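*Asks:* Quick one: the structure is below, questions incoming.
The values are calculated or read from the model by the stated rules, or taken from the named source; none is laboratory data. Everything quoted here is computed from the prediction, not taken from an experiment. Cβ placement follows ideal geometry from the backbone for every residue including glycine, while neighbour counts extend to all protein chains displayed.
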Amino acid sequence: MKDIKSYSLKELEEEFKTELSLPKFRAKQVYKWLTLGVNSFDDMTDISKELRNNLSKLYYISVATIEKKLISVYDKTVKYLFKFNDGEFVESVVMNYHHGYTICISTQVGCKMGCTFCATGKSGFSRNLTPSEMLSQIQTSQKDLDIRISNIVLMGMGEPLDNYDNVVKFLRLVSADEGLNIGMRHISLSTCGLVNRIYDLEKENFQLTLSVSLHAPNNEIRSQTMPVNKRYPIEELLKACRHYAKATGRRISFEYAMISGVNDSDECARELAKRLKGILCHVNLIPVNSVEGTGYIKSKIERQKAFINILGKAGITATVRRTLGSDINASCGQLRRNTISSTKTNHKAKEE
Ligand code: SAH
Ligand code: SF4
């Protein structure tokens with residue numbers, strides 16, 4: 001069976017013509033229903049029963065069903081655990097910022113990169129997500145909350161650039177006029193730094209925001225917390241970032257999770273400032289979320305302030321990212337881990 005929701009409209013028109021000898025308008029009709037997020041061909045009410053039957057023999061509709069839903073009592077951030085057709089789980093988080101709703105979606109079930117501070121990295125890798133499964137996370141959330149999502153961040157479970165082809169296909173689908181129509185300028189992609197793929201992404205000429213998870217100012221510290229740094233050392237990563245920013249004219253966002261006593265000294269800030277000099281960028285400081293078994297604790301407010309000051313004096317803008325949904329472990333990987341090992345969920349938050 002073929003994954004019908006991973007086709008573009010043009011591809012579906014071609015497919016229907018060659019496989020079923022159907023005119024273009026049929027593909028348009030079906031595509032409209034798929035974009036609305038229907039879960040079954042039977043919901044496509046303006047299509048004959050016979051055709052719906054035929055379609056269901058050749059194609060399947062990939063869906064994300066809600067397995068768990070947590071709502072933050074502080075800020076109404078919603079975290080979902082979604083289940084796909086094959087029973088795998090991923091997490092998505094919907095946040096309400098002033099300018100609208102942002103969804104943080106997953107791109108893989110698990111992750112191969114093994115960052116030591118990350119809940120997803122600790123649970124290993126299961127498989128890549130298809131473009132349709134990335135779309136489904138958005139569609140199910142929109143339907144469930146009765147909202148329109150305006151921004152997407154690829155910062156959930158998984159390393160997007162390790163699932164490059166599917167992620168690029170998803171980006172084209174989600175930004176298409178005839179699809180969900182969420183413009184590239186409203187999309188951020190976060191990577192741990194797969195250098196060869198950053199060069200590939202540059203060539204796609206997307207207007208998205210590239211976020212790079214840096215989390216350390218040098219190879220010594222970075223290789224300790226992010227194994228990927230052994231493959232692509234910080235010099236090569238920053239060279240690629242410099243190139244990317246220059247070629248695209250887009251500001252790079254560097255993520256820096258502040259871990260007490262690991263990467264948050266004044267010396268680290270000075271070294272970071274030196275490294276980033278001349279790159280069109282912004283630094284997002286995130287007090288690290290403690291994940292069971294890591295032993296990491298977040299840097300104190302004074303440390304965060306000192307860090308920003310040092311970067312600021314060196315001409316590098318940095319802000320501490322507002323954390324939403326702190327009571328529901330809104331950073332991804334933790335809910336799936338808890339569900340799979342069927343242990344605790346967070347009782348402070350409301351569960352539905
Ligand atoms: N794999 C990609 C995107 C998913 S992770 C990446 O690594 O960039 C999304 C972001 O959450 C990354 O910046 C990642 O470094 C960060 N992150 C993971 N675990 C975290 C934790 N415990 N505390 C704070 N940030 C964390
Ligand atoms: Fe993977 Fe990103 Fe987690 Fe690292 S931080 S293990 S790259 S999801």
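*Asks:* Do we have any residue at all in region 206-219 that's loosely packed, with under 15 Cβ neighbours inside 10 Å and over 17 Å from I308 (Cα atoms)?
*Replies:* Yes: region 206-219 contains one or more residues that are loosely packed, with under 15 Cβ neighbours inside 10 Å and over 17 Å from I308 (Cα atoms).
*Asks:* Applying the selection to region 112-140, what residues are within 12 Å of ligand 1 (Cβ to nearest atom) and part of a helix (DSSP H, G or I)?
*Replies:* Selection gives A119, T120, G121, K122.
*Asks:* Name, by its number, the condition in (1) surrounded by 14 or more Cβ atoms within 10 Å (Cβ to Cβ); (2) in contact with a strand residue (DSSP E or B) (Cβ under 9 Å, 6 or more places away or on another chain) that does not hold for G37.
*Replies:* Unmet condition: (2).
*Asks:* Checking V167 against (1) assigned to a loop (DSSP other than H, G, I, E, B); (2) closer than 30 Å to T225 by Cα: exactly one of these is not met. Which one?
*Replies:* All conditions are met except number (1).
*Asks:* Moving to a separate point now. Does K143 fit the bill of being within 17 Å of the chain's Cα centre (by Cα), assigned to a helix (DSSP H, G or I) and closer than 29 Å to L12 by Cα? I'd like the intermediate steps shown before the answer.
*Replies:* Numbers: within 17 Å of the chain's Cα centre (by Cα): no; assigned to a helix (DSSP H, G or I): yes; closer than 29 Å to L12 by Cα: yes.
Criteria not met by K143.
*Asks:* Right, something else. Keeping to region 77-135, report how many residues are within 16 Å of ligand 2 (Cβ to nearest atom), of a type in the set (S, T, N, Q), within 28 Å of S150 (Cβ to Cβ) and modelled with pLDDT under 95.
*Replies:* Count: 1.
*Asks:* Additional query: Condition test on M157, is it in the same structural domain as Y80 (by TED's automatic domain parsing), buried (at least 24 other Cβ atoms within 10 Å of the Cβ), assigned to a loop (DSSP other than H, G, I, E, B) and of a type outside the set (S, T, Y)?
*Replies:* Working: in the same structural domain as Y80 (by TED's automatic domain parsing): yes; buried (at least 24 other Cβ atoms within 10 Å of the Cβ): yes; assigned to a loop (DSSP other than H, G, I, E, B): yes; of a type outside the set (S, T, Y): yes.
Yes: the conditions hold for M157.
*Asks:* Here's something else I'd like to know. Can you find, within region 276-309, the residue that is nearest to the chain's Cα centre (by Cα) among those that are surrounded by 13 or more Cβ atoms within 10 Å (Cβ to Cβ) and small (G, A, S)?
*Replies:* Out of the qualifying residues, it is S290.
*Asks:* Quick test of your reading of the structure: V90 fulfils all but one of (1) in a loop (DSSP other than H, G, I, E, B); (2) out of contact with any helix residue (DSSP H, G or I) (no Cβ under 6 Å at 6 or more places or on another chain). Name the failing condition by number.
*Replies:* Result: V90 passes all but (1).
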